[in-house]
Amino acid sequence: MSDHQYTPESKFGKWFNDRLPLLTLANHLTDYPTPKNLNYWWTFGGILTFCLITQIVTGLVLAMHYIAHADMAFDSVEHIMRDVNYGWLIRYIHANGASMFFLAVYIHIFRSLFYGSYKAPREIIWIIGIIIYLLMMAAAFMGYVLPWGQMSFWGATVITNLFSAIPLVGEGIVTWLWGGYSVDNPTLTRFFTLHYLIPFLILGLVVLHIWALHVPGNNNPVGIDIKKPSKDTVPFHPYIVIKDGFALLMFMIVFAFFVFYTPNILGHADNYIEADPLVTPAHIVPEWYLLPFYAILRSVPDKLLGVVAMLSAIFILAALPWLDTSKIRSAVFRPLYRQFYWILVADVLILGYVGAMPAEGLYLLIARVATAYYFLHFLVILPVLGFREKTLPIPLSITEPVLGGSPNLATAKNKESSIIK
Amino acid sequence: MSEKKTNRRDFLFTATYAVGAVGVGATIWPMIDQMNPDASVKALASTEVDVSAVNPGKTITVLWRGKPVFIRRRTQDEIAEARSVKLEELKHPESDEDRAKDPEWLVMLGVCTHLGCVPLDQKGDYNGWFCPCHGSHYDTSGRIRKGPAPTNMEIPKYEFVNSNTIKIG
């Protein structure tokens with residue numbers, strides 16, 4: 001935290017701050033020294049906070065009109081769309097907001113992967129982030145069940161049945177989750193309750209995520225440790241606040257485009273058909289943000305192993321700080337890792353694509369190769385790369401390459417040393 | 001440090017923890033068990049179905065405990081096909097004689113044992129059922145032959161009340 005002591009100017013401020021140091025906290029947040037070279041990939045933390053608040057506020061309003069009952073849920077959603085003042089707007093913001101939330105979180109995660117933000121001393125920040133991501137998936141899945149359309153019902157059936165793969169107790173767990181012998185009204189009401197709860201758990205974890213971040217401070221594109229405060233840092237306010245604000249505006253334009261021009265493109269038409277336990281839609285697909293994991297699930301021809309592979313694909317991320325053995329954080333100085341990073345990005349996009357396609361023929365083959373590569377990246381390539389890769393020399397400070405006058409940090413360093421000679 | 005001797009205080013600690021653990025467990029259990037099927041769900045135990053209008057080669061689907069049940073009146077070809085399969089060829093070996101007490105009637109839960117979708121009738125490589133979700137193929141006896149499903153489609157408890165009526169459950 002800040003080294004200097006803060007004293008409020010006003011007498012009342014001092015009186016209050018002595019009893020509850022809220023002003024000290026506010027001062028810490030505004031003065032918080034931030035690396036001066038943070039690029040726009042670093043603005044997604046703020047964007048994600050905006051997404052969470054948006055989901056909580058719109059969700060709260062929707063809950064005033066929604067009825068969590070198997071016989072009435074579908075109609076109550078249509079009631080929101082047609083009768084409630086601005087109901088269509090609020091629901092479209094909430095539904096597309098989930099997609100925007102995941103879009104931002106994927107960029108945020110891949111930013112960490114590129115710049116090595118998960119490495120020591122930031123492992124706890126990273127693991128809290130993974131827990132938030134898991135909770136986000138749970139919240140999104142349960143929220144998708146609430147309109148009680150065909151995709152809601154069958155998505156819920158397929159996902160809850162994943163637990164039946166557990167030996168011995170699996171069936172009992174599924175019955176317990178359902179509160180019956182199939183997905184039905186008891187399932188809907190408990191999903192509604194949990195869907196309401198999870199965002200507040202996420203909010204609490206976000207506070208821990210930021211708290212843990214403020215102990216070592218932000219990583220940065222160069223990935224080196226910097227002194228704080230120093231000539232390498234700028235105060236959070238106004239520098240980062242303005243930059244985050246501008247990025248948020250750009251993001252909101254994309255958000256608004258979906259909400260106002262194509263609000264249903266990310267959903268499925270089948271979900272405008274009321275849930276029918278007798279008919280499974282011909283082609284069940286989860287929402288786009290879960291597709292890579294769905295592809296991994298389907299690529300394994302065994303029920304239990306498929307579920308294990310899918311869950312491992314997520315949990316392996318939590319072990320990343322220890323799987324990546326390289327001491328160098330930023331991919332800028334890791335020529336080989338940089339290439340593998342982009343292969344991984346392509347691999348995940350391919351998994352997402354085949355996850356949306358029928359699990360047969362060439363698609364199935366591609367899904368299997370991509371699944372194998374996904375695990376290969378984390379379990380073999382990353383650990384080995386740390387020992388084998390010849391990394392580029394890293395600068396001693398953020399200011400150094402800038403003064404070198406070249407955008408290429410490595411060239412700048414060489415140039416500088418030749419000048420000295 | 002001298003060797004620790006068990007004294008009255010250690011006993012009190014252990015006893016307190018033990019009673020505390022039982023108390024916590026007894027408090028948590030109702031919170032967990034309330035999620036299990038309640039009395040009204042369990043009460044919907046059985047359904048009677050009139051099958052007099054079902055001709056050979058036709059399937060009807062009825063809802064029992066919120067799940068679809070397939071009642072298929074099989075053709076002679078289908079029965080012959082189901083009974084000619086050797087048990088060693090099956091992923092989940094069950095003879096057709098055990099699955100269909102009356103060979104003409106196959107009564108089973110229309111729920112794919114993979115992840116719970118409803119398979120489609122008269123589709124797939126074995127002329128039985130095919131699950132569109134993740135590609136499981138079932139034969140004319142509802143046994144898993146190809147794909148990710150681990151077991152055959154389940155046969156519920158049922159009986160013929162008379163020649164035209166089946167009671168499921």
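The figures follow:
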{"read-out": "Values of log10 I(q)/I(0), in the order q = 0.15, 0.18, 0.19, 0.20 Å⁻¹, for chain B under a Debye, Cα-only, solvent-free model", "value": "-0.85, -1.12, -1.20, -1.28"}
{"read-out": "Fluctuation leader among A:ALA295, A:ALA70, A:ALA98 - chain A, Gaussian network, Cα springs under 10 angstrom", "value": "A:ALA70"}
{"read-out": "Rounded Å value of the spacing that divides the Cα centres of region A:260-304 and region A:108-180", "value": "15"}
{"read-out": "Restricting region A:32-94 to chymotrypsin sites (Phe, Trp or Tyr not before Pro) in coil, as DSSP defines it, with at most 16 other Cβ within 10 Å", "value": "A:TYR86"}
{"read-out": "Charge tally in the Cβ shell below 10 Å around B:ARG72, where Lys, Arg are +1 and Asp, Glu are -1, B:ARG72 excluded", "value": "0"}
{"read-out": "Per-q log10 I(q)/I(0), chain A, q = 0.08, 0.09, 0.10, 0.12 Å⁻¹ (Debye; single scatterer per alpha-carbon; no solvent)", "value": "-0.54, -0.67, -0.82, -1.11"}
{"read-out": "Fewest-first sequence of B:PHE160, A:PHE12, A:PHE255 by Cβ atoms within 10 Å of each Cβ", "value": "A:PHE12, B:PHE160, A:PHE255"}
{"read-out": "Residues A:GLU123 and B:SER40, FRET efficiency given R0 of 56 Å [Cβ-Cβ distance, rounded to 0.05]", "value": "0.70"}
{"read-out": "Coil-residue trypsin sites (Lys or Arg not before Pro) of region A:219-279, DSSP, other Cβ within 10 Å capped at 11", "value": "A:LYS227, A:LYS231"}
{"read-out": "Cβ-derived FRET efficiency at R0 25 Å, B:ASP125 paired with A:GLU171, nearest 0.05", "value": "0.35"}
{"read-out": "Region B:62-169 - percent relative contact order, Cα under 8 Å, separation 6 or more", "value": "23"}
{"read-out": "Cβ-based net charge around A:PRO121, under 14 Å, with every Lys or Arg adding one and every Asp or Glu removing one", "value": "+3"}
{"read-out": "Summed side-chain charge close to A:ILE47 - residues other than A:ILE47 whose Cβ falls under 15 Å, Lys, Arg +1, Asp, Glu -1", "value": "+1"}
{"read-out": "Where Rh is the Kirkwood radius over Cα pairs, Rg/Rh for region A:184-269", "value": "1.14"}
{"read-out": "10 Å Cβ shell holding at most 10 others, DSSP loop, trypsin sites (Lys or Arg not before Pro): longest site-free stretch of chain B", "value": "B:6-85"}
{"read-out": "Chain A: relative contact order as a whole-number percent, Cα under 8 Å and 6+ apart", "value": "21"}
{"read-out": "For A:ILE398, distant residues with modelled amide H under 5 Å away", "value": "none"}
{"read-out": "Of A:VAL183, A:VAL285, A:VAL207, the one that fluctuates the most in a GNM where chain A has Cα springs shorter than 10 Å", "value": "A:VAL207"}
{"read-out": "Amide H contacts under 5 Å for B:GLY147, placed H, 5+ residues apart", "value": "B:HIS137"}
{"read-out": "For region A:1-123: Kirkwood Rh in Å [reciprocal of mean 1/r, alpha carbons]", "value": "18.5"}
{"read-out": "Spacing of the two label points (7 Å from each Cα toward its C-beta) at A:TRP15 and B:THR165, in nm", "value": "8.4"}
{"read-out": "Calculated FRET efficiency for the pair A:TYR6/A:TRP211, C-beta based, R₀ 22 Å, to 0.05", "value": "0.80"}
{"read-out": "Degrees between helix A:87-115 axis and first principal axis of chain A (Cα, 0 to 90, nearest 10)", "value": "40"}
{"read-out": "Length-normalised contact order for region A:30-134 - Cα pairs under 8 Å, 6+ apart - percent", "value": "31"}
{"read-out": "Within the protein assembly as shown, helix-based [θ] at 222 nm, where runs of 4 or more DSSP H residues each add -39,500 (n - 2.57), nearest 500", "value": "-16500 deg cm²/dmol"}
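Read-outs: derived from the displayed coordinates by stated rules, not from any lab. A quick note: this is a predicted structure, and the numbers were derived from the prediction, not measured. Backbone-built Cβ (ideal geometry, glycine too); neighbour counts: all protein chains shown.
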